[in-house]
Amino acid sequence: MNTLSKAYEVGTTFSHNIIPLDFESIDGVPESHLWSQSDESHQKIQTNNPRDSLIPVIDLSDPCAIDLIGQACKTWGMFQVINHGVPLELVKKVEFEARRLFSLTTHEKRKVLRSPTGATGYGLPRISPFFAKCMWHEGFTIMGSCVDDAKVLWPHDYQRFCDTMDDYQNQMKLLAHKLLLLSLQTLDVTQEEINWATSTHGSNGALQLNSYPSCPNPSRTLGLAPHTDSLLLTILNQYGITGLEIFVEGLGWSPVCPIEGAFVVNVGDLLHIFSNAKFPVVYHRAVVNQSKHRISVAYFYGPPIESTLAPLSNYQDPCFRSLLVKEYIRLKATHNDKALSLIRI
Ligand SMILES: C=C1C[C@]23C[C@H]1CC[C@H]2[C@@]12CCC[C@@](C)(C(=O)O1)[C@H]2[C@@H]3C(=O)O
Ligand SMILES: O=C(O)CCC(=O)C(=O)O
Ligand SMILES: [Fe+2]
């Protein structure tokens, strides 16, 4: 078992619906999924052209990549990366397998439903209990091996799905290490701290397959409500369909334009804390569309859950108190976007 799943396998204090909607069988958007126009999570303020992304696109083979990554992390907490070395064929296989999973019948998918106290499997976004309205979303969470669930879904043909997800998680971990190393080198960091953030021993990853079925009334609902990601770094593929938006002070919700072959990389809460707030966390959400069934795949990378998280020691005034990684995961699970302020000094 992946140790990260231990940190997430905890009783929730919410009694909440845990089953995604049967999107195939409904005509309109039910009341449960209609977000009110006045809800600020839902406001649409797009003042820029959706084709120009604000956040930088960085070529990993560029000799200046390190400075560009440092700059992007400090300014936006987000960037897109190209020439990252992850084989395109594998990236495509992951999309194919994710689509294969989400095209199963509701009955089949519910056989691997994430339990209320579980970490992995099919289900609603974990942040759902913090919002009054439901999201136009279904997800499948993998932490380490997904063989148990895959065997239930495809008793005679589970290996292909598992091998693809294993290969992809390995590639994502390598890329996460590379990107963390580059971004941290632009801060005042000790070798020990670099080792902690990029240690291969006990470090953790999770893969989230997101599915946003086409929606009859996309302007009245949300695919994924605004949130920050919890771990150190997230590496996301939007698979060519627009949907990801970031919140920019003074500008509002602004799209992150999908670029063929690129990954969107963003700073998570743990890296924000570790960097002593030198790297901001970015609020983001996903919107849905009327004609396309959008898939996105996010890899979340984190340090060992039993290790201590503290702001970089070379900075004189730590903004956050130190705590165990698993304690932060618990705080986030119970307080969502208030978690950071609870550990602020
Ligand atoms: C390792 C992770 C990271 C998780 C929890 C766990 C597995 C699923 C991830 C997501 C995926 C969807 C958004 C999010 C906010 C959610 O609801 O579930 C993410 C969350 C986080 O970054 O906090
Ligand atoms: O689907 C997207 O573009 C965003 C997904 C996301 O934010 C997540 O999985 O944490
Ligand atoms: Fe996210």
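One residue stands out in region 302-345 among those that are farther than 21 Å from Ile127 by Cα and aliphatic (A, V, I, L, M): the one that is surrounded by the fewest Cβ atoms within 10 Å (Cβ to Cβ), namely Ile345. Of all residues assigned to region 252-273, none qualifies as being open to solvent by 30 Å² or more (accessible area, probe 1.4 Å), touching a residue at least 40 places away in the same chain (Cβ under 8 Å), within 16 Å of ligand 2 (Cβ to nearest atom) and part of a helix (DSSP H, G or I).
Reported count of residues in region 220-231, each being within 13 Å of ligand 3 (Cβ to nearest atom) and farther than 17 Å from Pro255 by Cβ, is 4. Applying the criterion of being closer than 23 Å to Ile305 by Cα and of a type in the set (A, V, I, L, M) to the residues of region 131-146, the residue that is most open to solvent (accessible area, probe 1.4 Å) is Met143. Picking from residues in region 204-223 that are among the polar types (S, T, N, Q) and assigned to a loop (DSSP other than H, G, I, E, B), the one that is farthest from ligand 2 (Cβ to nearest atom) is Asn217.
Evaluation of Asp148 against the conditions (1) touching a residue at least 40 places away in the same chain (Cβ under 8 Å); (2) closer than 30 Å to Gln159 by Cβ shows that the sole unmet condition is (1).
Reported count of residues in region 283-301, each being open to solvent by less than 10 Å² (accessible area, probe 1.4 Å) and closer than 20 Å to Ala197 by Cα, is 3. Does Glu108 satisfy the condition of being more than 15 Å from ligand 2 (Cβ to nearest atom) and loosely packed, with under 15 Cβ neighbours inside 10 Å? Yes, satisfied. Of the residues in region 281-290, at least one is of a type in the set (Phe, Trp, Tyr), farther than 25 Å from Glu9 by Cβ and touching a Phe, Trp or Tyr at 6+ places or on another chain (Cβ under 6 Å). Looking only at region 233-262, how many residues end up being within 19 Å of Met172 (Cβ to Cβ) and within 13 Å of ligand 3 (Cβ to nearest atom)? Within region 233-262, residues that are within 19 Å of Met172 (Cβ to Cβ) and within 13 Å of ligand 3 (Cβ to nearest atom) number 8. Residues in region 109-125 that are out of contact with any Gly (no Cβ under 9 Å at 6 or more places or on another chain) and on the phi < 0 side of the Ramachandran plot: 5 in all. Exactly one residue out of Asn204, Asn210, Asn195, Asn170 is open to solvent by 50 Å² or more (accessible area, probe 1.4 Å) and under 20 Å from Ala298 (Cα atoms): that is Asn170. For region 274-293, a residue qualifies if it is under 12 Å from the mean Cα position of the chain (by Cα) and of a type in the set (Gly, Ala, Ser), and exactly one does: Ala286.
Evaluating Ser203 against the criteria (1) in contact with a His (Cβ under 9 Å, 6 or more places away or on another chain); (2) under 29 Å from Glu31 (Cβ atoms); (3) within 16 Å of ligand 1 (Cβ to nearest atom) leaves one unmet condition, (2). Residues considered: Leu101, Leu124. Of these, the only one that is of a type in the set (A, V, I, L, M, F, W, C) and open to solvent by 10 Å² or more (accessible area, probe 1.4 Å) is Leu124.
The values are calculated or read from the model by the stated rules, or taken from the named source; none is laboratory data. These figures come from a predicted structure and were not determined experimentally. Cβ coordinates were reconstructed from backbone atoms using ideal geometry, including for glycine residues, and neighbour counts include every protein chain displayed. With ligands, DNA and RNA removed, areas are computed over all heavy atoms of the protein, side chains included. Shrake-Rupley method; radii C 1.70, N 1.55, O 1.52, S 1.80 Å.
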